[in-house]
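Comments concern the structure below.
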Amino acid sequence: MPEDIEVSRSNTVRFPGISPRAYEHPVDRGALATLRAVPGFAQVVKTISGFYSERGERLMALASAIRVGPTQYPELDRLRHECAETLDISPVPNVFVERNPAVNAMAIGMDEPFIVITTGALEVMDTESLRFVIGHEMGHVLSGHAVYRTILIRLISLQMSMSWTPVSALGMRAIIAALREWFRKAELSCDRAGLLCSQDPAAVLRAQILVAGGIDPAQVDIPAFLQQAQEYASVDDIRDSYLKLRYVEGMSHPLAVVRAAQLQKWAASEEYRAILAGDYPRRDDDTPTSTWSDDIKSAAKSYKDSWSESTDPLTKVFSDVGEAVSGAANKVWSKFGNNGGNGNGGSAEQPPASS
């Protein structure tokens, strides 16, 4: 680390060489794999990367926000280094504070990602909640999410300037929709990274209550707050299911109450406890692959598990249809795919016709 600063915390577990796969939500990896397969996506990434200068973005942050350091927001600087040390990230990403009343933070940049946190977040969050927020953004950096987040921001800006060309706008709209769907899942992953940095589920929940609309977490009843997520998931009217799909489609982040409940569920899981005990995948063991079939399979399993647990009527319809299609496909395959290729529609037990 370039600065001479004490960052170690007592009673805190650090994760040397941790792979982002340790905390990434399976649906995040699957959605990103699907995104990469969207026709034209690779070309869009290449083109957008060439259109913009990341140096310009960093210069704008340097000129319009406050760069965190030993003499500027020193407490944030300490948290920055501590989170980077916990997740073993080097070099330590820069953090900028921008004037904005919204409670928000983001990681942007492609070659040298940096983190921006708003004054709105600083005004309402305590130190441990801010540790979660910075750890969340460090998770984006470690996972490489900042690259795609930056592309999403640039595409939205470009879409607005090209709205007069219907064909271009429609093509870009499809890729932006795919990026938003992926990014909602990526947020779930990085909530987990933030928890690994905080290692305090109660502090994390306070931060998420503030994001959801709390002013003073002490005035919010935790069981009642989490009950909201359960009620949201258990609607029994298909019209409500349709409305959920309609409103979520254009969002860049998952719903605040629902994501809080999901993270608390992970905090109570064996997977989280195993990571704290040192049982997690290392970056040195990661092997690059040319396909994303394993990621897609993992995402499919995660979706299937969530569908089977859901009481949402529309989700149950999708699940039932998916099971029916899958079952029918298996029957067709066993009937026609394993009969020696005779094409006569006979059962697999029938001998093929003689030539």
Mind checking which pairs have a first residue in region 83-98 that is under 14 Å from residue 57 (Cα atoms) and a second that is hydroxyl-bearing (Ser, Thr, Tyr) and assigned to a strand (DSSP E or B), Cβ under 7 Å, 6 or more apart or different chains? 98/118
Where residues in region 187-244 are open to solvent by 50 Å² or more (accessible area, probe 1.4 Å), small (Gly, Ala, Ser) and part of a loop (DSSP other than H, G, I, E, B), which of them is modelled with the highest pLDDT? 213
Selection over region 189-218 where residues are in contact with a Pro (Cβ under 6 Å, 6 or more places away or on another chain) and hydrophobic (A, V, I, L, M, F, W, C) yields a count of 1
Among (1) closer than 24 Å to residue 259 by Cβ; (2) in contact with a strand residue (DSSP E or B) (Cβ under 8 Å, 6 or more places away or on another chain); (3) modelled with pLDDT of 90 or more, which single condition is residue 145 missing? (3)
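Restricting region 50-76 to residues that are crowded, with 16+ Cβ neighbours inside 10 Å and assigned to a helix (DSSP H, G or I), which is modelled with the lowest pLDDT?
Applying the first criterion (crowded, with 16+ Cβ neighbours inside 10 Å) to region 50-76 yields 52, 54, 57-58, 61, 65-66, 68, 73, 76.
Now narrow it down to the ones that are assigned to a helix (DSSP H, G or I): 54, 57-58, 61, 76.
Numbers: 54: 65, 57: 78, 58: 84, 61: 90, 76: 97.
Checking each candidate, the answer is 54.
Considering only residues of region 88-133 that are of a type in the set (S, T, N, Q) and open to solvent by 20 Å² or more (accessible area, probe 1.4 Å), which is nearest to residue 283 (Cα to Cα)?
Taking region 88-133 first, the residues of a type in the set (S, T, N, Q) are 90, 94, 100, 104, 118-119, 127, 129.
With open to solvent by 20 Å² or more (accessible area, probe 1.4 Å) added as a condition, the list becomes 90, 94, 100, 104, 127.
On the way: 90: 13, 94: 22, 100: 36, 104: 29, 127: 29 Å.
By that ranking, first place goes to 90.
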So, in region 77-107, how many residues would count as being within 27 Å of residue 275 (Cα to Cα) and either outside any helix (DSSP H, G or I) or in contact with a His (Cβ under 6 Å, 6 or more places away or on another chain) (or both)? 12
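The values are calculated or read from the model by the stated rules, or taken from the named source; none is laboratory data. Every value quoted in this text rests on a predicted model; they were computed, and no experiment measured them. Don't worry about glycine lacking a Cβ; one is built from the backbone with ideal geometry, like all the others, and counts go over all protein chains shown. Heavy atoms of the whole protein, side chains included, go into the accessibility calculation; ligands, DNA and RNA do not. Shrake-Rupley method; radii C 1.70, N 1.55, O 1.52, S 1.80 Å.
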